[in-house]
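Below is one structure, written out as structure tokens, with a few remarks after it.
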Amino acid sequence: MNAKTATYSPAYTLVPTYECFNRCSYCNFRTDPGKSDWLTLADAEAQLRSLQHQGVIEILILSGEVHPQSDRRSRWLQHLYELCDLALSLGFLPHTNAGPLSVVEMAHLKTVNVSMGLMVEQVTPSLLQTVHRHAPSKRPELRLQQLAQAGELQIPFTTGLLLGIGETEADRWQTLEAIAQLHRRWGHIQEVILQPYSPGQTEAWASTAFSPAQLLATIAVARRILPADIALQIPPNLVSRSQLLACLDAGASDLGGIGPHDEVNPDYPHPIDAELATSLASSGWKLVPRLPIYPQYDQWLSIELRNVVEGWRKRLGASRVQV
């Protein structure tokens, strides 16, 4: 009997800055603007050089958001660019998630990223009165505009839902339908993350975790709503091992970036990929590493980026599933 396949990205996260002008009440990531130093290129290079023989492929550039009207916005964007360029120069594949960006900003970062991402979270405007009351960039139309811009610019994109932050079932289905509609137009959504809300120690909200039963139901509906070429991703550190297997059986196929630390959910350590592979194998699943860009999007890259991607595909080996 052939093993079923679940994919993941061997990844490491660089955080240019934790400061963010949003104050989402469930956030365990942010600090106030001006309250933390930005990651220097020298420190980033030291971190990246230590990873060059550790099997890491993806460098996730995950940043807090500098206000669009801030006089530091252009310097922040250039810093993101330089971090991505540094990662490329050392042989890694950058993927940036830094909040909503303008078309010009996205086009600039496209030249040094193989893919990019932004969580939609939920499209219901009612959350602007609750968990997103102090989060101007969480306006649904702004998040969806970002997905549209990525499609127009031919940027392979990851998005997702944050589940259990006060939305209804109908809200979840509406969010999935909005993502599906944008993908049907541009064909650029690689994967959709279904992230269950998981309480953290530093957040203000402190609600109850999204239930496993609701997560399985959401996966089943998402698999019906979303086009078949969009992978469904479940963070393996936010569910138990038995729940993870149930999620895979329900239609999820990807476990996202697995690295030493989850910056967004710091209270939930990532599993070690080798141990996770052994655990999944005992239940008939094969864990396969992938790149942060799926092969059908390679043609969207510049020649320079495509050469780096092709080098990684060869390194993964002809015997492995190339995704």
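If you add up the charges near Leu109, with Lys and Arg at +1 and Asp and Glu at -1, over every other residue whose beta carbon is less than 13 angstrom from its beta carbon, what do you get?
Working: positive: Lys110; negative: Glu82, Asp85, Glu105.
Net local charge, Leu109 excluded: -2.
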Original post:
For the peptides 142-152, 106-116, what is the packing order when you average, over each peptide's residues, the other Cβ atoms within 10 Å and list the highest mean first?
Top reply: 106-116, 142-152
Subject >> Any cysteine of the chain lacking a neighbouring Cys Cβ under 4.7 Å - listed by number >> reply: Cys20, Cys84, Cys247
Subject >> Size of electric dipole in the stretch 4-316: Cβ of Lys, Arg +1 and of Asp, Glu -1, about Cα centre, debye, nearest 20 >> reply: 480
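Here are some pairs, Lys4/Lys138; Lys286/Lys314; Lys110/Lys138; Lys110/Lys286; which of them have Cα atoms lying more than 30 Å apart in this structure?
Table pairs above 30 Å Cα-Cα are Lys4/Lys138; Lys110/Lys286.
At 222 nm, what value in deg cm²/dmol follows for the chain if DSSP H runs of at least 4 each add -39500 (n - 2.57) and the sum is divided by all its residues, to the nearest 500? Provide the component values of the computation, followed by the final result.
Working: 9 runs with 112 residues, N = 323.
Using -39500 (n - 2.57) per qualifying helix, the result is -11000 deg cm²/dmol.
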Original post:
In the stretch 4-316, with Lys and Arg counted as +1 and Asp and Glu as -1 at Cβ, which of these residues, Leu127, Ser70, Asn265, has the Cα nearest the positive end of the dipole, that is, farthest along it?
Top reply: Leu127
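Just add up the charged neighbours of Pro100: K/R +1, D/E -1, any other residue whose Cβ is under 13 Å from the Cβ of Pro100. Walk me through the intermediate numbers first.
Details: positive: Arg73, Lys138, Arg139, Arg143; negative: Glu65, Glu105, Glu121, Glu141.
Here the charged neighbours net out to 0.
Give, as a single signed number, the net charge of other residues whose beta carbon lies under 15 Å from the beta carbon of Gln122, with Lys and Arg counted +1 and Asp and Glu -1.
Details: positive: Arg133, Lys138, Arg139, Arg143, Arg172; negative: Glu121, Glu141, Glu167, Glu169, Asp171, Glu177.
Cβ neighbours under 15 Å give a net charge of -1.
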Original post:
Roughly speaking, what is the stretch gain from His67 to Ala220, that is 0.36 nm per residue apart minus the C-alpha to C-alpha distance, in nm to one decimal?
Top reply: 51.4 nm
**OP:** Give the shape of the stretch 50-186 as rounded, prolate or oblate, defined through the alpha-carbon gyration tensor: a ≥ b ≥ c are the square roots of its eigenvalues, a/c under 1.5 means rounded, and otherwise the shape is prolate if a/b is larger than b/c and oblate if not.
**Re:** prolate
Subject >> Hydrodynamic radius (Kirkwood) for the chain, which is based on Cα pairs only, to one decimal in Å >> reply: 19.9
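Ranking request for peptides 18-27, 89-98: highest mean number of other beta-carbon atoms within 10 Å first, then the rest in descending order. The partial results should precede the final answer.
On the way: 18-27: 18.6, 89-98: 21.2.
Descending packing order for the listed peptides: 89-98, 18-27.
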**OP:** In Å and from the alpha-carbon atoms only, list the Rg and Dmax of the stretch 234-323.
**Re:** 15.0, 43
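State the three equivalent ellipsoid semi-axes of the stretch 184-266, derived from the C-alpha gyration tensor as the square roots of 5 times its eigenvalues, in descending order and whole Å. Present the calculation step by step, with values, prior to reporting the outcome.
Working: eigenvalues 107, 46, 34 Å².
Each semi-axis is √(5λ); the values are 23, 15, 13 Å.
Here, each number is a calculation from the coordinates, and none is a lab measurement. The shown structure was predicted, so the numbers you read here are calculated from the model rather than taken from an experiment. Cβ atoms come from the backbone with ideal geometry, glycine included; neighbour counts cover every protein chain shown.
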